[in-house]
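The structure appears below as structure tokens.
What follows draws every value from the coordinates through simple rules; no lab data is involved. Quantities reported herein were computed from a predicted structural model and do not represent experimental measurements. Cβ sites come from the backbone with ideal geometry, for glycine too, and all protein chains shown count toward neighbours.
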Amino acid sequence: MSEQSSHQRIILIDGHAMAFRAFFALPPESFKNGQGQATNSVYGFARMVFNVIKNEQPTHIAVAFDLAGGTFRDRIYDQYKGGRDATPEEFKGQVELTQKMLDAFGITWYTVEDYEADDIVATLATTAEKAGVEPLLLTSDRDAIQLVTDRTTLLQPVKGVTELRRMDPSAVQEKYLVPPHLYPDLAALVGESADNLPGVPGVGPKTAAKWIGLYGDLDGILEHSEEIKGKAGQSLRDNLEAVRRNRQLNEAVRDLDLPGDLDTCRLGRGDLVAINSVFDELSFGPTIRRDIPTALLSESSQKEERVIVANPELPVIEPADGELNAVLGEHAAVGAVVQADGTWAEGQADLRALVLSSDTASIVLQPNELGGDDRAALERWLRNSVIPKRAFSTKLTGHLLSGADLQVRGWEFDLALAEFLCRPDQRPTDEAGLAMRHLQEDIAQAADSGAQQSLDLDGVDSQALVRRASAVRRMVPMLRAELEERGALGLLRDLELPLAVILREMESVGIAVDREKLDELDAEHERQQAQVAEEAFSHIGGEQINLGSPKQLQSVLFDRLNMPPTRKTKTGYSTDAESLNTLFAQTQHPFLEALLKHRDVTKLRQIIETLRKAVTPEGRIHTTFSQNAAATGRLASSAPNLQNIPARSEAGRQIRSAFRASDGFASLMTADYSQIEMRIMAHLSEDEGLISAFRSGEDLHSFVASQVFGVEADEVDTAMRSKTKAVSYGLAYGLSAFGLGRQLGIPQSEATALRDQYFERFGGVRDYLRESVEEARERGYTETILGRRRYLPDLTSDRRQARDNAERVALNSPIQGSAADIIKLAMLRVREGLEQADLRSRLLLQVHDELVLDVAEGEEEQVMQVVKDGMEGAYELSVPLDVSVGTGRTWLEAAH
DNA sequence: CAATTGACGTA
DNA sequence: CGTACGTCAATTGA
């Protein structure tokens, strides 16, 4: 690490001045925590800290605050800093929060009774200079200008708190017309309105600077005040006392007695657990959560690390080499790099470099360039399941290594998953996305900077890779501690981590697709789309509007055809399917029918098109499963999403016939849980009625309906059944009587009655729902059967809307989340069962309550057994888990 | 050109 | 004014 010298640098921040600026830089109404406390200033402060650390790479940092109550300056001049506007209501409390946040950051802050923040800054700057540490002052207070020297630089905020101007002695001279040490002299003459210090009337910076030029300094001017001619001279003589007072007040105190020494201010004492808990309290979002640790735990605050670059000629992973063996053998993190955009080019991503990082050194290597012995050593190391491996994303890293024909065993920690288990509502920790963004930045950066001081690995900055890998390594213990605190370590180790391996395989295998079938479907829908569009145009006078434009539709429907207004949206009236149906019921206008049909066909065609584009040359589609996208713990599928392939409409379902068993396999198998969420509801609520409904083995909704309506099972008609079904599922979603009524097209009063009737028979459900929300409110989180938590601070919000929403989430999360837990367990069991029985059949997809598999010739019976057992026995509820299985040539045929 | 919005597919 | 997602096209805004 050649560029890093032993140069030390301290950032000194005037806390009050900057907190106040931050307050005005960001709108308080957009930054509120769960208690309604404004946090905009705190947020701005955090961003400022991040920026300044990132840009200046300091080794030390400290913040100084004023104390309430006066200082010695007030005793000298009772109008000092008078006449200021009252502190804005929303600023109150934010300084204390900022201080609390700084504690979590491990940043030392000071207050000194009777003195101002500026005096603290002056003292620290003086001390630092003496110790050979370069001070950088971050304050908007002009009193700090006097502190600038050739070793001390002032960072003056220009706009907000992140846009800073560097003020060194020559910059001060240029802007203020005097050198820094004379600025207080000038300010004494000119006055300082911020401190309510009036200067000499008629004397501005130019005159003051001229005088200083003539007489050397303020003392010289005062000595020769009688000689100064003109109006300004007289004005000076009339205000000598004020000038002397100003000068006395604006002199910074440089010799305060502060606790600790410079080392107290050293950067790198942050505590991730504390940081996150304080961010929770502040309701801060994902960006700052990601940024702050990188700054506070950055390389500059750590001891230097040796970097070993392994090239073909360097035999660095030979186990005989004691030191390097230790590097690889001990707790290493693994980092990896991919070349392009991570899409499935020929089914494989392209690994360009791999970083192995330990506490003592990092090794950068290019696995594909490695010589035979080294390559073999690397393979052995990666395959050894006893050696724990960690990565930011084990799934992504696994893909990359697999692309280089390297197999990994012994994954022990995954930062992205750990982070997700701690903060499931924090959205953008999409592992691939985040890693990719970083990598692309690296690549772009490497391309930009022609001069490379670090080794260039095909345009990838090896230093950046090392920084990332060691960041991962250092973050692991912190996240682990946090997981432990939240009781989620087992969830990571026993569920998510092994699942990541399975998902990697599923993504890598992909699912076979019948391309001709897709082409066929596409052609058919294209034809239909054109036909229906013509039909639609014919009903509005032949005008060829864009049927996909809500805006154009609005003008046709509501302006030209004068149809009654529908539900309001941000941009006008809604034209969604429900609104159009309502309009059709009112107007019988044939255009609406054609439009709805056109929507249908267009949607299907889009889906088909998306799928067609996703088919690889090998005739397969590889989705990506995210383990950290859905806050309930469900998986999400993307690029393309294979969890929303049409199933409800007949036309849509045909798309499923394009998914087929792979070559060399006999059939596709689908296996799904029936009513898993209602079963979980029965389990969690311990409602006897619901439990016996499941144990009876009869149709659930009919059984429940017969209870609710008090009729025999064979007297339940379809209307009763569907109403009951709507109530059942509505309950799990926190549905209101209003919503239920709308859904069923019955008056709200009737919906209320229906729900009451339901609760009369299933009182346990009502009690459970009520109690579970209350418990969540007290604890601050909901929990699934496996202890997966979801934190819901809004349950105690005083904003109705936010609270109601959180309550619905609290009702649903344990149910949806427990279902997700169960099918994840099932996937581990199925995968294990297939391996144990030495079967070739393989998992392909998971669709929340359904698994899809490739079944090899002759394995159908065995696979069915493994899958059924694996799923049904995944978790023991107080009701049985029922799984139905189907097989067929295509996904459509396999459905049941 | 990137971000947002409306609409709609799934469980 | 029912939970959880991802994707598309049109639109908006920098």
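Here are some notes:
- Across all directions, the average projected area of the convex hull around the alpha carbons of chain A is 47.8 nm².
- Where a label projected 7 Å from the Cα of A:Thr264 along Cα→Cβ would reach, residues of the range A:58-92 with amide N under 15 Å: A:61-65
- Residue pairs, from the table A:Lys100/A:Lys389; A:Lys824/A:Lys868; A:Lys81/A:Lys159; A:Lys81/A:Lys210, whose Cα atoms sit over 26 Å apart: A:Lys100/A:Lys389; A:Lys81/A:Lys210
- Note on A:Glu688 and A:Ser674: the model spin-label points, each 7 Å out from Cα along the C-beta direction, lie 2.6 nm apart.
- Beta bridge orientation in chain A: antiparallel %, DSSP, nearest 5: 65
- With q set to 0.09, 0.12, 0.14 Å⁻¹, the log10 of I(q)/I(0) for the range A:752-896, from the Debye formula over equal scatterers at the Cα positions, is -0.42, -0.67, -0.80.
- The spacing between the range A:2-80 and the range A:840-863, judged by their C-alpha centroids, is 58 Å.
- Whole-Hz ³J(HN,Hα) from phi, Karplus 6.51 cos²θ - 1.76 cosθ + 1.60, for the range A:699-708, glycine and proline x: 4, 4, 5, 5, 4, 4, 4, 5, 5, 4
- Helix A:372-383 axis, angle to chain A major axis (alpha carbon atoms, nearest 10°): 70
- Dipole of chain A computed with +1 at Lys/Arg Cβ and -1 at Asp/Glu Cβ about the Cα centre; of A:Val278, A:Trp891, A:Ser555, farthest Cα towards the positive end is A:Ser555.
- With at most 12 neighbouring Cβ atoms within 10 Å, loop GluC sites (Glu not before Pro) (DSSP) excluded, longest segment of chain A: A:331-542
- Simple spin-label estimate for A:Arg151 and A:Thr796 gives 5.0 nm between the two label positions (7 Å along the Cα-to-Cβ direction from each Cα).
- A full extension of the chain between A:Arg166 and A:Leu561 corresponds to an added length of 135.9 nm, given 0.36 nm per residue minus the alpha carbon distance.
- Between A:Glu174 and A:Ser193, the distance separating the two model label sites (each 7 Å from Cα on the Cα→Cβ line) works out to 2.6 nm.
- Relative to the longest principal axis of the Cα atoms of chain A, the long axis of helix A:590-614 makes an angle of roughly 80 degrees.
- Relative to its Kirkwood radius, the Cα radius of gyration of the range A:513-615 gives an Rg/Rh of 1.04.
- Take the Cβ atoms of A:Glu775 and A:Thr610, set R0 to 35 Å, and the FRET efficiency comes out at 0.25.
- If you plug the beta carbon distance of A:Glu832 and A:Ser878 into 1/(1 + (r/R0)^6) with R0 = 35 Å, you get a FRET efficiency near 0.85.
- With the charge dipole of chain A set up from +1 on Lys and Arg Cβ and -1 on Asp and Glu Cβ about the Cα centre, the Cα lying farthest toward the positive end among the listed residues A:Ile212, A:Tyr729, A:Ala22 is that of A:Ile212.
- Label point 7 Å beyond Cα of A:Arg237 along Cβ direction - residues of the range A:191-208 with amide nitrogen under 17 Å: A:200-203
- In degrees, nearest ten, helix A:205-215 long axis to first principal axis of chain A (Cα): 40
- Checking every one of the trypsin sites (Lys or Arg not before Pro) in the range A:647-719 against DSSP loop status and a limit of 14 other Cβ atoms within 10 Å picks out A:Arg648.
- With a Förster radius of 51 Å applied to the beta-carbon distance between A:Arg380 and A:Ala647, the computed FRET efficiency rounds to 0.65.
- Of every Cα-Cα pair in the range A:678-790, the percent that sits beyond 19 Å: 46
- With the charge dipole of the range A:678-790 set up from +1 on Lys and Arg Cβ and -1 on Asp and Glu Cβ about the Cα centre, the Cα lying farthest toward the positive end among the listed residues A:Ala713, A:Tyr758, A:Leu684 is that of A:Leu684.
- Each Lys or Arg adds one and each Asp or Glu subtracts one; over the other residues with Cβ under 14 Å from the Cβ of A:His848, this totals -3.
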